[in-house]
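**Q** My questions will all concern the structure given below.
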Amino acid sequence: MSEKKCSCENCCFANNKREYQIPVEGKESTLADLPVGTKATIVKIMPKARGSKKLADVGIVPGSELLIEAHAPFGGLIRVKVMETSMALHKDEAANIVMMPECE
Amino acid sequence: MKTSYRVVLAGNPNCGKTTIFNALTGARQHVGNYPGVTVESKSGNFVLNGINIELIDLPGVYSLSSSSPEEEVVFDELTKPGIDLIINVVDSTIPQRSLYLTTQLAELHIPMLLAFNMADDAEKKGLKYDFQKLEKYFGSPIVQTIGSKASGVQNLLKRLAKTLNELEDHGVPMLTYGADIDDAIQAVSEKIDALNLEFCKYIPSRFYAIKLLEHDSSAMRIEALKPVQEEVEVQIKHLLDKHAIKAETFMADCRYAMLAGACRNSISKTGEKRREISDKIDLIMTNKFLGFPLFLLIMYVTFWFTFTCADPLMGYIETFFDWLGEAIKNGWSADKLPYLRSLITDGIIKGVGGVIVFLPNILFLFFVIAILEESGYMSRAAFIMDGVMRFFGLQGKSFVPLVLGFGCTVPAIMATRTIESQRDRTVTIMVLPLMSCGARLPIYALLIPAFFAQKYQAFAMWGIYVIGIVVALVAARIMKGTLFKGDGEVYLMELPPYRMPTFKSLMLHMWDRGKMYLQKAGTIILATSVILYICNTYPVKKSFSEDYAARIEACQADAKLSESERKKAVSELENKKNAEMKEYTVSGRVGKALEPVFRPIGFDWKVVTASISALAAKEIFVSQMGILHAEGEANQESATLREKLVKHYTPLQAFCFMLFSLLSIPCLATLVIIRKELNSWKMAFIEAGGLFLLAYISTFIVYQLGTFLKIGTKLLG
């Protein structure tokens, strides 16, 4: 997937184009899989995930919108913008966060 | 009316809380520790309209849960009686996130004042607030502040005075989380009320009910609340059936939902910048390809600045102490209390002065570290380095303590407290002494200019630091692969927007460290200087292997010698005599006894004694070398210590001294802090012994190999 700029005002609802993207079952992927630049909404956090309370306290809860800002140079960390704050979390945790990209 | 109040500052990390704290209390701060846990506590005092205010700066937290030691501290502090007011600092550029903590603080029903900080940034961002609505919502007055400007806290002070006057009439917020949850909270609170608990007199049962419903471990641990546990589980089951959300996170969901509602009604946004400046900077600074080289460059500039820019200042201090020693010697004739005179000039002034000389280095280093920390770059560095650190068995959060280790190992070990995973923390602490601390800097600063050509000096310095880093990383990797296997904790780190550090807080930071260094110079180093002076001077040798006095006389009477030849011969004899005297003293004997052990790594007895005395504080190595190489009164045109060292040691030996100092334990204080932080003497001694073996073996290999290959084995002087 290319690093497509994805902002809802531009593609889904802007210009009154009336192009809606209906989320399709099975299109979900985890936060660890999404490329940099994607905007996506958290669908659920897997029950096996550790530290779900800690994640919740910084706004990583189902329904939150995330922007994947960057991957760390040597791997491991993913930087996301959640509620206007940049947070870095590890791929292992990100793999337990199920996401739905907003636009294709 | 009360004349003194206890006020606490609470807020998220990076909300500018500490800047406000600094602005209000200035340098009148007390930095300590919360008992039992490894979290720094800060308090300060100020007077407002004749009222004495004790201000406590709580650690920054996102929530009142207990997922970190900081959060536990905040929970404990806030539920203790005696708090008159909470000032909740809110980053008003990100209201929704910051107010999440506010919803929990509001449940404490302690009078609260909301400081909407960074008001200037929020305005730039186009955020408009309806403060009347918000005040009603949280039942607390709101004031806008700009912590980074002196005038920005005036409003806060005004409002604080007013609020403290009207504490009795302070409102109580009534937050609602939706009918089902409110019912559950109500049901549990009633059960708690029925227990008639002492602490519920100042913290409402409702607060505990909410905490129990979200399975908060701090609340669950309270013995007195155990009887209501059954009711809590019933309510959680009920909510789970109805809403299908885990107990741990449904309160979080409710708070976000509630805040979304509150913010929609009272906060509006006009015009939005697409990308903020901070994000633009990060496109370069944390770039996949540029990030790492930039990081290395920044580290290099840090050391260059510390080393090169502090140099002239160090010259002044050196001159001052030389002058002071001479002035005392000249004003105090040698026949009055000669021992005391010599103790003061040769022992104390040489010892303490030799260490204070490096104050500019320490100040400059901490100045740069403060800039890196307060600008927000430090967390970027952790982000960039995480992958590398993880490869070596550490993690991004180990990174900041490791950098602080360049300053002083003791506070750096304390800074490892931010690492939640005990395993990662232990490994970080164990390798931290290998990060070359500021006290070792004087050793390098003494030896490098003496033994390396001007153009290689900065490189040599950088090289020593790099050796320490490499050894530390390899050691961490080995430890993590053998002794400390397994999973770590959940990793989560905020990357705050870049901010301009305020001059005031940079100065405060520098002052703190400088003060610590001077205190050390005034206490431990002063005492050690006296002890070392005594060890270095006594017992005094009375009979020598030759009659030096007679030979010197003979030399001076010898008409065949030219003036310069005579001088040379005399000073040679003087030196021989001095050497014999020094060997006879306590430190000479200890050094001599241990010399065979250290000979294979290139040490002579003087370096051995200097290294042993350096256990009190590494910088004592320098003063001890100065004292041991000091020449007698006869030789007034005494060369500087560096010139003498060059005559005595080869560059290879000098490198070995530095290597040994780098790898062995920095000081006894480090040993004590390791024992405190890991709560085990065993670990502390394993650490000290392990480092000694590491230092000895490495230096042995380098010295023997260097001698064999004839690298740097020629005397320069």
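**Q** Note the angle between two axes, namely the Cα long axis of helix B:441-451 and the longest principal axis of the Cα atoms of chain B, as a number of degrees from 0 to 90, rounded to the nearest 10.
**A** In chain B, helix B:441-451 runs at an angle near 40 degrees to the longest axis.
**Q** Between B:LEU693 and B:ARG599, what is the FRET efficiency for a Förster distance of 25 Å, r being their Cβ-Cβ separation, to the nearest 0.05? Each step should come with its number before you reach the end.
**A** Numbers: r = 17 Å, r/R0 = 0.70.
Computed FRET efficiency for B:LEU693 and B:ARG599 comes out at 0.90.
**Q** Whole-Hz Karplus ³J(HN,Hα) for the stretch B:655-668, in order, using 6.51 cos²θ - 1.76 cosθ + 1.60 and θ = phi - 60°, x for Gly and Pro?
**A** Values per residue, Gly and Pro as x: 5, 5, 4, 5, 4, 5, 4, 5, 8, 7, 4, x, 6, 5 Hz.
**Q** Based on Cα coordinates alone, diagonalise the gyration tensor for the stretch B:173-214, multiply each eigenvalue by 5, take square roots, and list the semi-axes in whole Å, largest first.
**A** For the stretch B:173-214, the ellipsoid semi-axes come out as 18, 11, 8 Å.
**Q** For the protein assembly as shown, just list the percent of Cα-Cα distances falling in each 10 Å bin from zero outward, please.
**A** 2, 11, 19, 21, 17, 12, 8, 5, 2, 1, 0, 0
**Q** Still on this structure, I have one more. May I ask what percent, to the nearest 5, of DSSP beta bridges between residues of the stretch B:4-169 are antiparallel? The partial results should precede the final answer.
**A** Values: 12 of 32 bridges.
Just about 40 percent of them are antiparallel.
**Q** With both partners inside the protein assembly as shown, how many of the DSSP beta bridges are antiparallel, as a percent to the nearest 5?
**A** Numbers: 40 of 60 bridges.
Antiparallel: roughly 65 percent of the beta bridges in the protein assembly as shown.
**Q** Kindly state, to the nearest 0.05, the FRET efficiency for B:LYS714 paired with B:GLN154, given R0 = 60 Å and r defined as their beta-carbon distance.
**A** 0.35
**Q** Cα-Cα pairs above 20 Å in the stretch B:366-505: how many percent? Mind showing how you got there, number by number?
**A** Numbers: 4925 of 9730 pairs.
Counting every Cα pair in the stretch B:366-505, those more than 20 Å apart make up 51 percent.
**Q** Mind checking the stretch B:202-302 for chymotrypsin sites (Phe, Trp or Tyr not before Pro) that DSSP puts in a loop (not H, G, I, E or B) and that have at most 13 other Cβ atoms within 10 Å? Before the final figure, lay out the partial values.
**A** Details: sites: B:TYR202, B:PHE207, B:TYR208, B:PHE250, B:TYR256, B:PHE289, B:PHE295, B:TYR300; in loops: B:TYR202, B:PHE289.
When the chymotrypsin sites (Phe, Trp or Tyr not before Pro) of the stretch B:202-302 are filtered for loop state and at most 13 Cβ neighbours within 10 Å, B:PHE289 remain.
**Q** Which entries in the list B:LYS542/B:LYS606; B:LYS336/B:LYS541; B:LYS191/B:LYS226; B:LYS17/B:LYS149; B:LYS606/B:LYS714; B:LYS226/B:LYS246 go over 18 Å, if you measure between the two C-alpha atoms of each? Could the numbers behind the result be given before it?
**A** Details: B:LYS542/B:LYS606 21 Å; B:LYS336/B:LYS541 21 Å; B:LYS191/B:LYS226 11 Å; B:LYS17/B:LYS149 13 Å; B:LYS606/B:LYS714 20 Å; B:LYS226/B:LYS246 21 Å.
The answer is B:LYS542/B:LYS606; B:LYS336/B:LYS541; B:LYS606/B:LYS714; B:LYS226/B:LYS246.
**Q** If you don't mind, another one. DSSP beta bridges in chain B, what fraction antiparallel, as a percent rounded to 5?
**A** On the way: 15 of 35 bridges.
The answer is about 45 percent antiparallel.
**Q** Please list, in order along the stretch B:504-512, the HN-Hα scalar couplings obtained from phi with the Karplus expression 6.51 cos²θ - 1.76 cosθ + 1.60 (θ = phi - 60°), rounded to whole Hz, x for Gly and Pro.
**A** Listing the rounded values in order: 4, 6, 4, 5, 4, 4, 5, 4, 3 Hz.
**Q** Further, regarding this structure: Return the FRET efficiency for the residue pair B:GLU198, B:THR270: r is the Cβ-Cβ distance, R0 is 51 Å, and the value is rounded to the nearest 0.05. Please report the intermediate quantities before stating the final value.
**A** Working: r = 51 Å, r/R0 = 0.99.
My answer for the efficiency is 0.50.
**Q** Too long at a 32 Å Cα-Cα cut-off: which of B:LYS568/B:LYS618; B:LYS162/B:LYS397; B:LYS618/B:LYS647? Working shown, then result.
**A** Working: B:LYS568/B:LYS618 35 Å; B:LYS162/B:LYS397 42 Å; B:LYS618/B:LYS647 23 Å.
The pairs that break the limit, which is 32 Å between Cα atoms, are B:LYS568/B:LYS618; B:LYS162/B:LYS397.
**Q** Obtain the nm distance between the two label points defined at B:ALA554 and B:GLN229 by a simple spin-label model: each point lies 7 Å from its Cα along the Cα-to-C-beta direction.
**A** 9.3 nm
**Q** So if a site counts as exposed when it's one of the GluC sites (Glu not before Pro), its DSSP state isn't H, G, I, E or B, and it has at most 15 other Cβ atoms within 10 Å, what's the longest stretch of chain B without one?
**A** On the way: sites that count: B:GLU166, B:GLU198, B:GLU272, B:GLU546, B:GLU631, B:GLU633, B:GLU637.
With GluC sites (Glu not before Pro) excluded where exposed in loops, chain B gives B:273-545 as its longest stretch.
**Q** State which stretch of chain B is the longest one without any exposed trypsin sites (Lys or Arg not before Pro), exposure meaning a DSSP loop state and at most 10 other Cβ atoms within 10 Å.
**A** Numbers: sites that count: B:LYS2, B:LYS273, B:ARG274, B:ARG275, B:LYS336, B:LYS485, B:LYS542, B:LYS560, B:LYS710, B:LYS714.
It runs B:3-272.
**Q** Given 0.36 nm per residue, what is the gain on full extension from B:GLU135 to B:ALA458 after removing their alpha carbon distance, in nm? Spell out each step's value before the answer.
**A** Numbers: separation 323, 0.36 × 323 = 116.28 nm, distance 5.72 nm.
Here the answer is 110.6 nm.
**Q** Further question: To the nearest 10 degrees, how steep is helix B:681-709 against the longest Cα principal axis of chain B, on a 0 to 90 scale?
**A** Once rounded, the angle reads 40 degrees.
**Q** About the Cα centre, and with charges only on the beta carbon of Lys, Arg (+1) and Asp, Glu (-1), how big is the dipole of chain B? Nearest 20 debye, please. Intermediate results must be reported in sequence, preceding the final value.
**A** On the way: 76 positive and 72 negative charges, 352 e Å.
The calculation lands at about 1700 debye.
**Q** Direction-averaged shadow area of the convex hull around the Cα atoms of the stretch B:179-269, nm²?
**A** Average of the hull's projected areas for the stretch B:179-269 equals 6.9 nm².
**Q** Using a 1.4 Å probe on protein heavy atoms, which residues of the stretch B:282-298 have at least 40 Å² less accessible area in the complex than alone?
**A** B:LYS288
**Q** Using only the alpha carbon atoms of chain B, find the Kirkwood hydrodynamic radius as the inverse mean reciprocal pair distance, in angstroms to one decimal.
**A** 29.3 Å
The values are calculated or read from the model by the stated rules, or taken from the named source; none is laboratory data. Keep in mind the model is a prediction, meaning the values are calculated, not measured. Neighbour counts are summed over all protein chains in view; Cβ atoms, including those assigned to glycine, are modelled from backbone coordinates with ideal geometry. Note: accessible area is taken over every heavy atom of the protein model, side chains too, but ligands, DNA and RNA are not part of it. Shrake-Rupley method; radii C 1.70, N 1.55, O 1.52, S 1.80 Å.
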